[in-house]
Structure formats: C-alpha cells, structure tokens
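**Student:** Just passing along the structure, written as structure tokens.
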Amino acid sequence: MGESSCWWRKSVVYEIYVRSFKDSNGDGVGDLNGITEKLDYLQNLGVDVLWLTPIYESPGDDNGYDISDYCSIMKSFGTMKDFEHLLNEAHRRKIKIVMDLVVNHTSDEHSWFVESRKNRDNSYRDYYIWRDGKEGNMPPNNWTSCFLGSAWQYDAQTEQYYLHMFSKKQPDLNWDYEPVRKEVYKMMRWWLDKGIDGFRMDVISLISKDSRMLCEDSNIKGHTVCANGPRVHEYLQEMHREVLSNYDIMTVGETPAVTVREACQYAANQQSELSMVFQFELMDVDGGESGKWNDKKYQLQDVKAVLRKWQEGLYGQAWGSLFWNNHDQPRVVSRFGDTSTKEYWNKSAKMLATALYLLQGTPYIYQGEELGMTNLDFQSIDEFRDIESLNAYQEYVEKEKSISSEDMMRYVRKSSRDNARSPMQWDDSENAGFSAAEPWIGVHSNYQWLNAKQQMEDKDSILHYYQKLIRILRENNIVCDGKFQEFMEDSPALYCYRRFTQEGEIVVCCNFTKEEQAWDERVVPEGADILIGNYEKHQRGVMNAYEAIVYQR
Ligand code: TEU
C-alpha cells in the first residue's frame with residue numbers, strides 16, 4: 001500500500017475502554033450497544049476512528065487482555081450481531097473501527113493453552129514457551145513479569161515452566177513456531193473480512209523472544225530484554241505480506257521500549273510493517289513505566305526533550321502517535337495539568353491538548369479526556385480493580401513492607417491504571433449516566449459537575465474546545481506535514497514551536513504554569529491570524545496562566 005492512501009495520517013483516533021464507556025443493559029458493565037448509543041456524541045466530537053479495547057471472550061484476569069477465544073464476543077459486552085450493528089452504524093457515520101489485537105499472549109483458558117499444558121507431546125505444546133527449571137526447581141531465569149513476581153509459572157502436570165510477561169493467566173505465544181503465526185494471520189483475515197478498519201497491536205514489540213536469553217539471568221527487566229527481538233521485523237513483514245497489504249487499513253503497534261531507530265523500521269513511510277508506532281517515552285518522564293509507584297513530578301524540559309527527539313527522529317522517515325493518556329495511564333489533566341481550581345482545570349486541559357496534538361502524528365484521545373476527567377479519589381485499596389495496582393500493593397505494603405500503606409495509596413491515586421478506567425461521566429444522574437446498576441468500578445465523585453451533558457451546554461467547556469481543535473487537526477495540511485522547529489528550548493514554563501511547509505506555517509505557544517510568562521512574539525510571522533486559543537482575549541507578549549495560543553499564516 002503506497003503512501004497516498006495513508007488516510008490515518010489525517011485521522012483523529014478516540015480510544016474506548018469498552019467496560020467503562022456506556023452500559024446499555026443495566027449490568028454495571030459497559031457494552032457494544034452502549035457504544036452504538038453514543039455514536040452521535042462521537043460524530044459530534046468529530047473523531048474519525050474508534051479503537052476498541054479487547055471485546056473478545058476472556059476470563060477477565062487483565063480486563064480482556066487475556067483472551068480465551070479470538071473469534072467470539074465477551075458475553076457481558078454483547079453478541080457478534082451487536083458488533084456487526086455497531087460496525088455498520090459507525091460506518092454509516094464515516095467513523096472507522098480499529099480492534100485491539102492481543103497476540104503476544106493468550107489466556108491460559110484459550111483452547112491452545114489447555115491443549116499445550118496437557119502433555120509434552122501434545123501437538124499444541126510448542127504454541128507456548130516451555131522450559132525446564134533450573135536445579136532446585138527454580139525458574140529458568142530471573143525475569144519478572146510486568147505485574148510482579150517471576151515471569152515463569154511452574155506447571156506440575158508436565159513438570160516444566162511456561163513464560164508469561166504479564167499475569168500467569170497470560171502465557172506468551174511462541175512466535176518462532178510457524179503454526180502460531182498462521183493461526184494468527186487467519187484470525188486477522190477473519191476480522192478484516194468482516195469490514196473492520198485496522199488493528200491496534202498490543203505489545204507487538206515483544207513477540208520475538210531470543211531463545212538464547214530464555215535460560216539466562218539478566219539485570220534488566222524481562223520485557224525490556226524481549227523488546228525488539230531478533231525476528232520481530234521478519235514476522236511483521238510476513239504479516240504485512242500475508243494479511244495487512246491486502247486491505248486499506250491502519251495498524252498501530254504498541255511498542256514499549258522502542259528506540260527511534262527501531263520505530264523507523266516498524267512504521268517506515270515505505271510501509272512494509274505497520275502504519276505507526278505507539279511508544280511510551282513521554283510516559284516515563286515522572287517515573288512512569290520504569291518505576292511508577294512514587295511521588296515524582298514531571299519537569300517540562302523533560303517533556304519537551306522527548307517530544308523534540310521523536311518529532312525530529314521520525315520526520316520524513318516514519319509515522320508516530322500522539323497521546324497524553326490511555327487505559328494504562330493516569331489522567332492527563334491530573335498528571336500534567338492543574339486541578340487545584342476549576343478555572344485552572346479548564347484552562348490547563350485545553351492547553352495540554354493544544355501543546356501535543358499540533359505536533360506531527362496521529363492523535364489518540366482517550367475517553368473522558370475531552371471532558372477533562374481527573375484521577376480517582378478512592379480512599380481504600382479495596383476500591384481498586386486493576387491487577388497491576390493490587391499486586392503492587394500486596395507486594396510492597398503487605399509482603400515486603402517497604403512502602404507504608406499511606407504512601408502507597410498516594411502513589412496508586414497518582415499512577416494506577418484505574419485512574420483511566422472509572423466510568424465515563426455522561427451526566428449528573430446516578431452512576432453518572434453510565435449505568436442503571438452499580439458499576440463494576442466506582443464512579444468519580446466529581447461527576448455531578450464534571451460530565452458530558454453539562455459541557456455540551458457550556459460554550460466555554462473543554463468538550464467544545466476539543467471539538468474545535470479536532471476540526472483543525474483533520475483539515476490542516478501544515479499540522480499533518482509541516483516540519484517542526486522549537487523556540488525557547490530551555491524555558492521551564494513555555495512550550496513554543498512552529499510547524500511549516502512551503503504553503504505556510506503555524507506557531508504554537510503554551511504556558512505550562514499558573515504564573516504569567518513573558519513571550520517574545522516576534523516569532524509570529526507578519527499577518528498571521530489566531531487559529532485557536534483558550535483565552536477569549538490574548539494580550540500580545542503575555543502568556544496567562546495555562547494559556548495556549550496558535551497562530552497561522
Ligand atoms: O500494555 C502493555 C504495556 O506496555 C504495559 O507495560 C503497560 O504500559 C502497563 O500496563 C502500564 O502500567 C498492554 C495493554 O495496554 C495493557 O492494558 C495490558 O495489561 C498489557 O498490554 C498486557 O496485554
């Protein structure tokens with residue numbers, strides 16, 4: 001597929017965490033018909049593509065990222081008919097649907113694994129990664145899973161260990177075994193033939209394990225060792241040849257621990273693997289992935305350095321994504337903005353969207369971000385549902401006793417994945433209009449004033465600002481193609497850059513602080529107009545608290 005059909009470069013993606021978006025049948029769990037009900041809302045917002053988190057049959061150990069059947073729908077989400085209806089209704093509104101593809105691992109309840117663990121001669125044995133333990137019945141190496149504990153689980157039935165980079169109910173598939181790849185490609189074609197518009201590929205950078213490393217200890221984390229393994233590009237090129245190249249779709253690779261150089265291979269403009277990468281370096285600026293349970297606050301210079309590196313590194317070579325948060329990350333306005341007053345909350349949420357989405361790359365808006373939804377205010381660990389947070393609490397507070405319960409609660413409220421997973425706040429009725437029943441996870445107590453209904457009526461709302469911004473992102477060639485140049489790189493308060501083509505240029509300036517900042521507006525070209533901003537009146541040369549302003553010539 002040539003570059004000409006890269007429609008996804010001018011698209012705005014909206015991520016839906018299905019379980020928490022809208023419950024249509026009153027069981028406290030979001031579902032497919034709930035999404036269909038809200039398509040008009042999404043069309044109004046102006047997004048082009050919906051990425052649905054996994055909707056397949058799953059025991060739910062990791063909220064659907066543990067799949068037991070790739071070709072059927074999770075019962076609590078609805079039926080295949082409901083899915084087809086959603087797809088049709090979305091397409092009717094010119095909205096595309098991208099599905100989550102989770103093929104680094106399956107659930108241990110998937111029939112392949114049920115077979116695989118039966119005996120060593122089973123024809124599915126090599127679908128997974130089995131190894132003998134080390135002497136003294138120790139795991140083959142010292143890797144830890146992303147959710148803590150060993151990445152190896154002993155299985156008494158066949159007296160071997162299997163590898164799981166995530167929970168022990170998520171055994172890793174063995175991509176070196178050709179039948180696994182064939183099965184995955186077959187399943188992908190099956191979904192594409194139904195008419196879906198692409199895949200978001202879960203931890204796709206981890207699929208190729210270096211077999212020499214599997215029995216070696218290492219002093220870096222297991223999932224970092226596995227990232228960008230020896231045959232990952234070979235497999236993705238094979239997948240592209242056999243499946244992806246036959247459809248006009250978008251593919252986005254979730255690629256933890258990817259370098260700019262690797263990204264230029266995964267998502268090269270020539271398109272022999274994926275449409276774009278989704279990388280996490282920005283999420284590391286405050287401890288993020290490498291040690292999220294802490295109090296660390298970000299520094300604007302670190303944010304700017306990461307953005308600069310990726311803007312310059314991918315330009316003209318490859319394509320990337322722009323995101324502030326997703327279903328695994330805390331809420332952007334709580335993390336990078338200011339929720340201390342309603343005024344600052346409103347202004348900083350708009351400023352953050354402006355700062356990021358006018359860069360080059362496909363924007364990913366996470367449900368509720370367009371309302372400025374905030375981190376949770378849960379008081380007790382019992383209110384959390386996320387396996388990662390619960391395991392960490394158990395490990396550090398209860399087992400190791402290395403963190404006090406009070407500190408850990410603060411860290412969890414800052415970094416837990418559940419911050420993003422509380423129910424979407426639709427209105428001020430009970431359960432925020434998400435469900436008629438008690439939701440599977442608590443609603444944020446601020447729903448009475450922070451909700452979609454209120455913001456639809458309020459012209460100054462974050463929602464209206466997102467609508468306006470999205471319209472610009474979809475139409476503006478400079479935003480899509482322009483080269484990036486930064487001003488005032490060293491400023492710890494202002495983020496200021498220009499994007500330019502031969503056609504014209506835009507200049508963006510954002511104040512990340514509540515203090516007024518002086519800005520030398522000579523960088524704004526003569527005759528430029530204001531394209532968008534979050535203050536009614538902009539005072540030349542002065543950036544107000546959390547002000548964002550964009551000029552275009
Ligand atoms: O996340 C993969 C990933 O890179 C994790 O390190 C993630 O960033 C972590 O959850 C942050 O705390 C994907 C999915 O997005 C996540 O929801 C799944 O739990 C995980 O894969 C396993 O499928």
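Bear in mind these aren't lab numbers, they're just calculated from the coordinates by the rules spelled out. Being a predicted model, the structure only gives us computed values, none of them experimental. Cβ placement follows ideal geometry from the backbone for every residue including glycine, while neighbour counts extend to all protein chains displayed.
**Student:** How big is the dipole moment of the chain about its Cα centre under a simple scheme where the beta carbon of each Lys and Arg is +1, that of each Asp and Glu is -1, and everything else is neutral? Debye, nearest 20, please.
**Tutor:** With Lys and Arg at +1 and Asp and Glu at -1, about 900 debye.
**Student:** Using Cβ counts within 10 Å as a stand-in for footprinting exposure, how do K292, K342 rank, fewest first?
**Tutor:** K342, K292
**Student:** Normalise the Cα radius of gyration of region 1-145 by 2.2 N^0.38 Å (N = residues in it) and let me know the number.
**Tutor:** 1.34
**Student:** Where both partners of a DSSP beta bridge lie in the chain, what percent of those bridges are antiparallel, to the nearest 5?
**Tutor:** Bridges in the chain that DSSP calls antiparallel: roughly 60 percent.
**Student:** Using a 10 Å cut-off around each Cβ, can you sort L32, L52 from fewest to most neighbouring Cβ atoms?
**Tutor:** Lowest count first: L52, L32.
**Student:** Ok, one more. Can you pull out the GluC sites (Glu not before Pro) in region 455-553 that DSSP calls coil and that have at most 11 other Cβ atoms within 10 Å?
**Tutor:** Numbers: sites: E457, E475, E486, E489, E503, E505, E515, E516, E521, E526, E536, E547; in loops: E489, E503, E515, E516, E526, E536, E547.
Passing both the DSSP loop test and the Cβ count: E503, E515, E526, E536.
**Student:** Further question: Cα to Cα, under 18 Å, and not fewer than 8 places away if on the same chain: which aspartates and glutamates meet these conditions relative to K453?
**Tutor:** Of all the aspartates and glutamates, those that pass the test against K453 - Cα under 18 Å, at least 8 places apart if same chain - are D23, E37, D40, E369, E370, D427, D428, E430.
**Student:** Another one. Sort by residue number and name the cysteines in the chain that have no neighbouring cysteine Cβ under 4.7 Å.
**Tutor:** Result for the chain is C6, C71, C146, C215, C226, C264, C480, C510, no neighbouring Cys Cβ within the cutoff.
**Student:** Between E398 and F487, what FRET efficiency follows from the Cβ-Cβ distance if R0 is 51 Å, with the result rounded to 0.05?
**Tutor:** After rounding to 0.05, the efficiency reads 0.55.
**Student:** Taking other Cβ within 10 Å of each residue's Cβ, how do L214, L236 sort, fewest first?
**Tutor:** The fewest-first ordering by Cβ neighbours comes to L214, L236.
**Student:** How high is the relative contact order of region 482-552, given as a whole-number percent (alpha carbon pairs under 8 Å, six or more residues apart)?
**Tutor:** 31
**Student:** So what is the orientation-averaged projected area of the chain, using the convex hull of its C-alpha atoms, in nm²? Provide the component values of the computation, followed by the final result.
**Tutor:** Working: hull surface 98.6 nm².
Averaged projected area of the chain's Cα convex hull equals 24.6 nm².
**Student:** Next question, about the same structure. How much length is gained on full extension from W7 to R540, taking 0.36 nm per residue of separation minus their Cα-Cα distance?
**Tutor:** 188.2 nm
**Student:** Let me know the shape class of region 111-163, please: from the alpha-carbon gyration tensor, a ≥ b ≥ c as square roots of the eigenvalues, rounded when a/c is under 1.5, otherwise prolate if a/b is greater than b/c, or oblate.
**Tutor:** oblate
**Student:** Using +1 at the C-beta of Lys and Arg and -1 at the C-beta of Asp and Glu, which of L358, M99, C215 has the Cα lying farthest in the positive direction of the dipole of the chain?
**Tutor:** Going by the charge dipole, the pick is L358.
**Student:** Modelling each spin label as a point 7 Å along the Cα-to-Cβ direction, I'd like the D121/K134 distance in nm, to one decimal.
**Tutor:** The two pseudo-label positions are separated by 3.2 nm.
**Student:** Further question: Hey, what number do you get for the chain at 222 nm if only DSSP H runs of n ≥ 4 count, each worth -39500 (n - 2.57), divided across all residues, to the nearest 500?
**Tutor:** Calculated mean residue ellipticity at 222 nm is -7500 deg cm²/dmol.
**Student:** Shifting gears a bit: Quick one: compute a quarter of the convex hull surface over the Cα atoms of region 49-109 and quote it in nm².
**Tutor:** 4.1
**Student:** Using the Cα gyration tensor of region 350-468, with a ≥ b ≥ c the square roots of its eigenvalues, what is the shape: rounded (a/c below 1.5), prolate (a/b larger than b/c) or oblate (neither)?
**Tutor:** It comes out oblate by the Cα gyration axes.
**Student:** Suppose a student asked you for the relative contact order of region 407-487, using Cα pairs under 8 Å spaced at least 6 residues apart; what percent would you report? Don't jump to the answer; show the numbers that get you there.
**Tutor:** On the way: 61 pairs, mean separation 15.3, N = 81.
Normalised by residue count, the contact order of region 407-487 is 19 percent.
**Student:** Long-range amide H contacts for W152: which residues qualify at under 5 Å (H placed 1.01 Å from N, peptide plane, sequence gap of 5 or more or a different chain)?
**Tutor:** Amide H to amide H, under 5 Å and 5 or more residues apart or across chains, W152 pairs with H164.
**Student:** Along the positive direction of the dipole of the chain (beta-carbon charges: Lys, Arg +1; Asp, Glu -1; about the Cα centre), which of L87, S58, G133 reaches farthest?
**Tutor:** Among L87, S58, G133, the one farthest towards the positive end of the dipole of the chain is L87.
**Student:** Can you give the relative contact order of the chain as a percent, counting alpha carbon pairs under 8 Å and 6+ residues apart?
**Tutor:** Relative CO of the chain lands at 13 percent.
**Student:** Students often get this wrong: which residues of region 308-323 have the backbone nitrogen under 16 Å from the point 7 angstrom along Cα-to-C-beta of D302?
**Tutor:** From region 308-323, the list is 308-309.
**Student:** If I model a spin label at C215 and V523 as a point 7 Å from the Cα along the Cα→Cβ vector, what separation in nanometres do I get?
**Tutor:** 5.7
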